[in-house]
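The values are calculated or read from the model by the stated rules, or taken from the named source; none is laboratory data. It should be emphasised that the depicted structure is a prediction, and the values quoted were computed from it without experimental measurement. As a convention, Cβ positions derive from the backbone with ideal geometry for all residues, glycine included, and neighbour counts pool all protein chains shown.
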Amino acid sequence: MVFIESTAKTEEMRELKKHLGGSPGKTTTMADLAYLLFLMGDFGRAIDFCKKLLHIVPDNLSLTTKCYNIMGQAYKNEPNLALQSFENGLKLQLQYDPNDFYTLATMYNNMGFAHRRLESDKHLVAYYYEKALQMCTNIFDKNETDWGLMATILNNLVTAQPHGDHDLALERERLVLDIRLKHLPLSHPLIATTHATLSEIYLSRGEYEEALTHSDEALRIKLKYLPSGHPSIANTYSTIALLYLHKGDYEALKDQKEMSEKSYSKSLQLNYQAFDVLSSGGSSSSTHYELISFLYNNCGVIYTRLARLDEALDCFNITTNTTLQHLPDNHDLHGASLKNKGKVFTLQGDMSEGMKYYNLAIEFYNRIGLSSSVRMAQIYFNIGEWYELSGKKDLAIEYYERAVQMGTKNHKPNHPFLLQYTKTLDKVKSTMITAVSIEEAF
């Protein structure tokens, strides 16, 4: 083992070595100790030890490769330096031992993670994760396969491509769950996370019952291993509430009024359970306020669906006040509350106030660079409703068509929003055709 100059810091490392290097045949290196520091959360000292070791033994490719990998992980708040370290490590590993598929899988996965943190092109991120998966599958002896690493890589591939091939995503995430259920305790946090990811995939496919099953399972696990007031539990309640809201929208679209009202009521109940969890936790972080705003916004949407408009407006006003005080001025909830207020005022018959808020929402999303987003499609649909209620069906059709066009770009064909846009457009068009036919008959 190589020791650096004798200091108080390295004396501590000498003591640690006595414990790490005690087993027969085991050689503990400074890289192992640097990794231990990393695991202890002492990132700065882990980086320092690695840098010193790189200076002392630059020709030891095995040790230097380890050091670069540790440094890449330790640069928690400096993604550019993390990427640079991972690149150096990968380059050396390919020179030193290109057949060590396990190590290469880890490195390619780390490269994908680094590019993801830097918000690089998603195809580049996916490329490195695919390379990592390829390295795992190159291990011929399946007894040597690190199934935990395999599951991590598969999960990273799924979550890095939220708008990719949903069938492939589902296949991969199911495999992740199978692996983790086989190798981890049933109440492990990673299993809860996997259920949550599967719920998102099923939601994107419009399979609400399956999505709810996995979200409920994620909640069951979190209630076992987290304190009762933990924000993650509140967040899971809000996620399930959102699923019931989407389910209610789909049922309303299918003219299943009684079922949709039950789903909306269930969503409202779950949102208030999330409020209860947050109030018992006593947190006041930015994440806490973000979730508070999100919950009030969703409650406002549900009250709007249930035609309880005064209660809806109260919720949206709280959302606005909370976001203005505690969230960045480009946060999506600012625009969402503007749009939703426009909807309430329109339904209350205050048409000028409704259009004012729709225009403010458009200005907001244009300002933050989301002029082609799902939110803008919703605003166009709401403006179409505004014109329809104002008796201007030609303008209503124009905005409904914009909503359909933009919704098609952002949603799968069976998404409730897109189905609603299309159904409403067809309905208004059919009434226009009927009116023309009647005029011609006379």
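A few notes on this one:
- Some residue of region 261-275 being modelled with pLDDT of 95 or more, assigned by TED's automatic domain parsing to the domain that holds Gln348 and among the acidic types (Asp, Glu): yes
- A residue that is among the aromatic types (Phe, Trp, Tyr) and within 23 Å of the chain's Cα centre (by Cα) cannot be found anywhere in region 314-331.
- Where helices (runs of 4 or more DSSP H) sit wholly within region 163-231, those with at least 1 residues that are among the aromatic types (Phe, Trp, Tyr) and within 30 Å of Thr408 (Cβ to Cβ) occupy 189-204, 208-225.
- Test result for Ala211, touching an Asp or Glu at 6+ places or on another chain (Cβ under 8 Å) and either closer than 25 Å to Asp249 by Cα or without any contact (Cβ under 8 Å) to a residue 40 or more places away in the chain (or both): yes
- Residue within region 424-440 that is touching a Leu at 6+ places or on another chain (Cβ under 6 Å) and modelled with pLDDT under 95 present: no
- Within region 57-72, the presence of at least one residue that is surrounded by 17 or more Cβ atoms within 10 Å (Cβ to Cβ), hydroxyl-bearing (Ser, Thr, Tyr) and within 33 Å of the chain's Cα centre (by Cα) is confirmed.
For every residue, the table says whether it meets (1) within 26 Å of Thr346 (Cβ to Cβ); (2) under 26 Å from the mean Cα position of the chain (by Cα).
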site	(1), (2)
Lys257	yes, no
Lys266	no, yes
Gln269	no, yes
Phe275	no, yes
Ser280	no, yes
Ser286	no, yes
Ile302	yes, yes
Leu309	yes, no
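- When residues in region 225-249 are screened for being touching a Ser or Thr at 6+ places or on another chain (Cβ under 8 Å) and touching a residue at least 12 places away in the same chain (Cβ under 8 Å), 15 of them pass.
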